[in-house]
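Everything below concerns the one structure shown next.
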Amino acid sequence: MKQSSKLYTFNMLLLQMLVVPIALTAGIILIGPLLHVTYGDYSSEFKSLLAAVFGSFIIGGLLGLAASRLYKNKPETAAKRYIPLLIPTAYALIFAVVLYSVSQGNFGASVWGYYVLKNPAFIVADFLLAFSGFTHLIPMVELSGYAGFTAIFLLLERLQGKGIKSASAFQLRLSFAALTALLLVYMGITNKEMINSGLIELRYGKSTVSAELTEYDLASNSPFTEDNGLVKLEGEASLQFTELDQMPRLDGATAAYPVYAAFAEAVYKGLGDYYRSNNTGAQPRGVFVDGKEYPYTIIRCTKTQQAYENLMYGEVDVIFVAEPSASQVERIRGRNDDFVLTPIGSEAFVFFTNTENPVDNLTVEQVRDIYAGRTTNWKQVGGPNKRIIPYQRPENSGSQTVMQNKVMEQRPMVDPSVRTRVGGMGGVIRQVAEYQNAKNAIGYSFMYYSSSMTKENRIKYVGIDGIKPTKETVRDRSYPFTVPLYAVTLKSNANPQVGKLLEWVVSEQGQSLVEKTGYVPVR
């Protein structure tokens, strides 16, 4: 019997530590492509997590079923029969918990290499998951496979009435239940944001700032094309650029594009003629959004953060954006240069919630307390007893910079809602969760940026200190978070054409285009 117990232990460990990994690897190869999701699609990522966990559990369970049915000579003592079943799960879970703690939740940290090496049989499966961008699923796949093996093994014993009936056997089965509970807690903690965001998206539908609130079709606003929706001057512009090499190169934020595209259409006459004579219709309408060849790069829109990068490296002359972040100012001064900010218009920096949220007004201090983590429930500000989900925007984006500088005034903000994962062969991606229009969420942006969502009655603006954001409250500056839109240049740029353009932008003609577009002019 002693020899048989040793053989049983060896076989159970061999099945779990070698055969289960091989079976899971085969499963990943066969059904792995079904787990593919687009980054940023929370509901799809949540479904991929469920598929990985339950798929691995089923594969491990099938092997546990086979082991229970085929292995006839099981030990008669509880310790010898059940401890070999628990060892792999406990072994992997301890590694997973320790490494998650050491890496501070960063699945791309080098310490996770130890998790892979603890069982070389999983190297191929782990490589496939990491290569596909699912590094956060590596411990979940292994743990679910082991749990499935043991759970089905014990379940079949119970159904067949062949389990050991003793106090020690009950304690060991209870230990497995505790391990399983810890596994579920681990899964909940390590994938909290994905689970929360996925459930919100599945329940309320996908509604994000980037996909539906801000990323309208800029190509439809390309200057020098028909029906582009850009505002027009009533007569000829007092400033005319007719030589391509004299036209200042423009870039900026998405929301500012209709403004500076209208500027260009009014004063860049030579560029319009070039476009009409060289564009046969085969080129996309968006050549003045992301054109790759001169002279189409005279006008483009790479968004706030990249626009500042392009300005600092001399690739553009003027960018139309919100104020720079502290890190951007520090970088340009480190290059012995500085930004020159010319206000060209104003608008409101707004906070919004789901239309079904009964809270219509917040004070400045309440907003700050929410984003500092001191206020965590809508009940604290006169709303329902629901947890507040305060969404933030990516670092160095225009709205995040205004939030930090204008609203929080450099006060520390609560850690944003983030997901940590590895994309492709490396590079940890930490991204602020995009706004999802749940009933307990709050987000922020610029009024012009977000106006399409209010028209569709999908979000509502929250008043600040009893004042709603409108053109009138921006014009008289009674709305607390009235912010400028800037034309930003470099102090070192001595191009006289840039100065001429800026003078025209703040002239009566330029300001008329600012107002017609939807901003409040500075004149």
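So the values come out like this:
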quantity: Residue match in the stretch 109-130 (condition: under 15 Å from Y186 (Cα atoms), of a type outside the set (D, E, K, R) and touching a Ser or Thr at 6+ places or on another chain (Cβ under 9 Å)); calculated: no
quantity: Filter result for N457 (at pLDDT 80 or above, surrounded by fewer than 21 Cβ atoms within 10 Å (Cβ to Cβ), farther than 26 Å from E234 by Cα and out of contact with any Cys (no Cβ under 8 Å at 6 or more places or on another chain)); calculated: no
quantity: Flag if E293 is part of a helix (DSSP H, G or I), on the phi < 0 side of the Ramachandran plot and surrounded by fewer than 23 Cβ atoms within 10 Å (Cβ to Cβ); calculated: no
quantity: Top-ranked residue in the stretch 420-436 [being β-branched (V, I, T), surrounded by 16 or more Cβ atoms within 10 Å (Cβ to Cβ) and farther than 23 Å from I459 by Cα; ranked as modelled with the lowest pLDDT]; calculated: V422
quantity: Selection within the stretch 288-333 - more than 11 Å from D251 (Cα to Cα) and of a type in the set (V, I, T); calculated: V329, I332
quantity: Qualifying residues in the stretch 403-419 (those that are basic (K, R) and modelled with pLDDT of 90 or more) - the one nearest to F352 (Cα to Cα); calculated: K406
quantity: From the options A109, A125, A121, A130, residue that is under 26 Å from N73 (Cβ atoms) and in contact (Cβ under 8 Å) with a residue 12 or more places away in the chain; calculated: A121
quantity: Close pairs (7 angstrom Cβ cut-off, 6 or more residues apart or separate chains): more than 17 Å from Q104 (Cα to Cα) in the stretch 186-208, modelled with pLDDT under 70 and in a helix (DSSP H, G or I) anywhere; calculated: S197/Y42; G198/Y42; G198/S43; E201/Y42; E201/S43; L202/S43; K206/S43
quantity: The stretch 370-392, subset open to solvent by 40 Å² or more (accessible area, probe 1.4 Å) and not polar (S, T, N, Q), residue farthest from the chain's Cα centre (by Cα); calculated: G382
quantity: Residue within the stretch 354-363 that is surrounded by 15 or more Cβ atoms within 10 Å (Cβ to Cβ) and modelled with pLDDT under 85 present; calculated: no
quantity: Criterion violated by K439 - all others in (1) open to solvent by less than 60 Å² (accessible area, probe 1.4 Å); (2) modelled with pLDDT under 90 satisfied; calculated: (1)
quantity: Selection status of V318, open to solvent by less than 70 Å² (accessible area, probe 1.4 Å) and within 24 Å of L244 (Cβ to Cβ); calculated: yes
quantity: Check on I22, aliphatic (A, V, I, L, M), modelled with pLDDT of 85 or more and open to solvent by 30 Å² or more (accessible area, probe 1.4 Å); calculated: yes
quantity: Any hit, the stretch 499-517, residues being part of a loop (DSSP other than H, G, I, E, B) and either modelled with pLDDT of 95 or more or within 30 Å of R249 (Cα to Cα) (or both); calculated: yes
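Table: residues versus (1) within 18 Å of P258 (Cα to Cα); (2) assigned to a loop (DSSP other than H, G, I, E, B); (3) without any contact (Cβ under 8 Å) to a residue 60 or more places away in the chain; (4) open to solvent by 20 Å² or more (accessible area, probe 1.4 Å).
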site	(1), (2), (3), (4)
E323	no, yes, no, yes
D337	no, yes, no, yes
L341	no, no, no, yes
G345	yes, no, no, no
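The values are calculated or read from the model by the stated rules, or taken from the named source; none is laboratory data. Just so you know, these numbers come straight off a predicted model, no measurement behind them. Positions of Cβ are backbone-derived with ideal geometry, glycine not excepted, and every protein chain shown enters the neighbour counts. The protein model used for the area step is the full one, side chains on, heavy atoms only, and it has no ligands, DNA or RNA in it. Shrake-Rupley method; radii C 1.70, N 1.55, O 1.52, S 1.80 Å.
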